[in-house]
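Report on the structure given below.
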C-alpha cells in the first residue's frame, strides 16, 4: 500500500534512533551503529518497520605536541653536558608510539656532541641513570597523557663564546617503531573503516598536519655557569640542658640553646638553575676557632645513627656525600662530583660551641 507524500513527512517525525553515543575523544576504531525504527498507525493498525542501519567507524586522529619544560633561552658551557627537558603530549584518540630525534634550527653551523635521550619511565619527574634509552621511541602513549623526556648532549670545546644555536626535539607518531611512521593522512574518507587523520598543529620550521612537531631551546655558549647558593638551616640540635633533638623538626622548634658545648648545625642549599650538568663543584666552610670547633661525632645530630658527621644530602633527603676536614685551612670541604641542571644538594656542617 502506497503512502502519500504528506503522510511520509509525518512519519519521519516519529523515527526513534538507537545506537552508541559519540563524543569528542571517542577511541579510534570505535564502530558506531544507528538503527532507526519507524512506527505508525494506518487503518487503525499499528505498523513497525525497521530501516537500514547507519554505520560508521571513528577515525584515528594523530594529534600531539612537544613543549619545553624550562625557559626557552638557556646557557651552556664548552665541553659540559646539558640536559634539555621536554614534554610529549598525546592529544589524539588512540594509543601511539612517538619517534624522537634531535633537531637543529635553520642556519646550523655547529653540532652538539654525544646526544642521548632519557625517558622518565617511572614518571617521578627526576632523571635517573637507568632511564637512558637505546631506542628513541616512546612506546604506547595513551590519549590525554604525556611523557617527560630529556635530550642530553655535550657542547663542543672548540666553540667560540657567545655562540648561539637552536637545538631541540622533533617527534613523529608511529604505528610501532622507527620504520612505521605515519607518512600521510587519508585523502578520501572511507566512512566504514578507520582512516588516519593528521591533526597536529604547526611548530618551529614546521607545517600543519604533517605528523611532525618540533620544539627547540635557544642556547648561548658561555664561559661559565653561575650556581645559586643560600643558607638553608641554622639551628641547634643539642645542648647540655635539653639533651639531643631526635628529629630536625624538634631541633627547629627552638628549645635548644647556643650555650657552651651545644651542637650547631648549618646547611646550605646549592642549586643549578641551568640545564647544564656541572662537574667538580667545591664547597668549603671555615672554622670560627675562637668560639667553636668542628664536631667529631654525629651523636648530637638527628642523623646520629650514621657515622658520617658533615654530610651532603640530596633533595630527597638521602646522604650522597661527606665533607672532609682540611687541616691546613681549618675547614670542612665538600666535593660535589656532578650537579645536573635543575638539581639541588644540601651540604651540612656540624660544630660544637667552646
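The values are calculated or read from the model by the stated rules, or taken from the named source; none is laboratory data. Remember, it's a predicted structure, so these values are computed and weren't measured experimentally. Note that each Cβ is placed from the backbone with ideal geometry, even for glycine, and that neighbours are counted across all protein chains shown.
Condition test on residue 217, is it in contact (Cβ under 8 Å) with a residue 12 or more places away in the chain, in the same structural domain as residue 104 (by TED's automatic domain parsing) and farther than 26 Å from residue 60 by Cβ? Break it down into steps so the answer makes sense when it comes.
On the way: in contact (Cβ under 8 Å) with a residue 12 or more places away in the chain: yes; in the same structural domain as residue 104 (by TED's automatic domain parsing): yes; farther than 26 Å from residue 60 by Cβ: yes.
Spelling it out, residue 217 is indeed in contact (Cβ under 8 Å) with a residue 12 or more places away in the chain, in the same structural domain as residue 104 (by TED's automatic domain parsing) and farther than 26 Å from residue 60 by Cβ.
So which of 337, 328, 318 ends up being over 28 Å from residue 151 (Cβ atoms) and exposed (fewer than 14 other Cβ atoms within 10 Å of the Cβ)?
Numbers: 337 fails: over 28 Å from residue 151 (Cβ atoms); 318 fails: over 28 Å from residue 151 (Cβ atoms).
Unique residue meeting the criteria: 328.
I want to confirm something. Restricting to the stretch 142-175 and keeping residues that are in a loop (DSSP other than H, G, I, E, B) and modelled with pLDDT of 90 or more, which single residue is farthest from residue 62 (Cα to Cα)?
In the first step, residues of the stretch 142-175 are kept if they are in a loop (DSSP other than H, G, I, E, B); the result is 142-145, 155-163, 175.
Okay, now just the ones that are also modelled with pLDDT of 90 or more, so 142-145, 175.
Details: 142: 12, 143: 10, 144: 12, 145: 14, 175: 11 Å.
Taking the candidates together, the pick is 145.
Give the residues of the stretch 74-88 that are surrounded by fewer than 20 Cβ atoms within 10 Å (Cβ to Cβ) and either outside the structural domain of residue 199 (by TED's automatic domain parsing) or closer than 20 Å to residue 206 by Cα (or both), sorted by residue number.
Answer for the stretch 74-88, where residues must be surrounded by fewer than 20 Cβ atoms within 10 Å (Cβ to Cβ) and either outside the structural domain of residue 199 (by TED's automatic domain parsing) or closer than 20 Å to residue 206 by Cα (or both): just 87.
Among the numbered criteria (1) over 32 Å from the mean Cα position of the chain (by Cα); (2) outside any loop (DSSP other than H, G, I, E, B), which single criterion is violated by residue 306?
(2)
Of these, 178, 187, which one is farther than 30 Å from residue 351 by Cα, surrounded by 13 or more Cβ atoms within 10 Å (Cβ to Cβ) and at pLDDT below 90? Break it down stepwise before answering.
Details: 187 fails: surrounded by 13 or more Cβ atoms within 10 Å (Cβ to Cβ).
Residue meeting the stated conditions: 178.
So in the stretch 320-343, with the set limited to residues that are in contact with a strand residue (DSSP E or B) (Cβ under 8 Å, 6 or more places away or on another chain) and not in a strand (DSSP E or B), which one is modelled with the highest pLDDT? Give the derivation first.
To start, the set of residues in the stretch 320-343 that are in contact with a strand residue (DSSP E or B) (Cβ under 8 Å, 6 or more places away or on another chain) comprises 320-326, 329-343.
When the remaining residues are screened for being not in a strand (DSSP E or B), the result is 323, 329-330, 340-343.
On the way: 323: 95, 329: 90, 330: 92, 340: 87, 341: 86, 342: 85, 343: 90.
Applying the filter and picking the extreme gives 323.
Take the stretch 190-205 and flag every residue that is surrounded by 13 or more Cβ atoms within 10 Å (Cβ to Cβ) and in a loop (DSSP other than H, G, I, E, B).
Answer for the stretch 190-205, where residues must be surrounded by 13 or more Cβ atoms within 10 Å (Cβ to Cβ) and in a loop (DSSP other than H, G, I, E, B): 194, 195, 199, 200, 201, 202, 203, 204, 205.
Identify the residue in the stretch 206-228 that is part of a loop (DSSP other than H, G, I, E, B) and modelled with pLDDT of 85 or more and, among all such residues, is nearest to residue 110 (Cα to Cα).
Taking the stretch 206-228 and keeping what is part of a loop (DSSP other than H, G, I, E, B), we get 206-212, 223-227.
This time we only want the ones that are modelled with pLDDT of 85 or more, so: 206-212, 227.
Values: 206: 21, 207: 25, 208: 28, 209: 30, 210: 27, 211: 27, 212: 23, 227: 27 Å.
Among those that are part of a loop (DSSP other than H, G, I, E, B) and modelled with pLDDT of 85 or more, it is 206.
With respect to residue 311, determine if the residue is in contact (Cβ under 8 Å) with a residue 40 or more places away in the chain and surrounded by 14 or more Cβ atoms within 10 Å (Cβ to Cβ).
Details: in contact (Cβ under 8 Å) with a residue 40 or more places away in the chain: no; surrounded by 14 or more Cβ atoms within 10 Å (Cβ to Cβ): yes.
No: the conditions fail for residue 311.
Where in the stretch 252-302 are there strands (runs of 3 or more DSSP E), lying fully within it, with 3 or more residues that are surrounded by 15 or more Cβ atoms within 10 Å (Cβ to Cβ)? Show your work before the answer.
Numbers: elements: 263-271, 276-286, 292-294.
Ranges flagged: 263-271, 276-286.
Does residue 137 count as in the same structural domain as residue 103 (by TED's automatic domain parsing) and in contact with a helix residue (DSSP H, G or I) (Cβ under 8 Å, 6 or more places away or on another chain)?
Values: in the same structural domain as residue 103 (by TED's automatic domain parsing): yes; in contact with a helix residue (DSSP H, G or I) (Cβ under 8 Å, 6 or more places away or on another chain): yes.
The answer is yes for residue 137.
Among the residues in the stretch 110-129, are any touching a residue at least 60 places away in the same chain (Cβ under 8 Å), closer than 16 Å to residue 62 by Cβ and out of contact with any helix residue (DSSP H, G or I) (no Cβ under 6 Å at 6 or more places or on another chain)?
no
Residues 125, 107: which one is modelled with pLDDT under 90 and within 16 Å of the chain's Cα centre (by Cα)? Show your work before the answer.
Numbers: 107 fails: within 16 Å of the chain's Cα centre (by Cα).
Unique residue meeting the criteria: 125.
Applying the selection to the stretch 236-251, what residues are surrounded by 18 or more Cβ atoms within 10 Å (Cβ to Cβ) and not in a helix (DSSP H, G or I)?
Kept after step one, since they are surrounded by 18 or more Cβ atoms within 10 Å (Cβ to Cβ), are these residues of the stretch 236-251: 236-239, 245, 251.
Answer for the stretch 236-251, where residues must be surrounded by 18 or more Cβ atoms within 10 Å (Cβ to Cβ) and not in a helix (DSSP H, G or I): 236, 237, 238, 239, 245.
Looking at (1) over 30 Å from residue 242 (Cα atoms); (2) touching a residue at least 60 places away in the same chain (Cβ under 8 Å); (3) under 28 Å from the mean Cα position of the chain (by Cα), which is the one condition that is false for residue 283?
The failed condition is (3).
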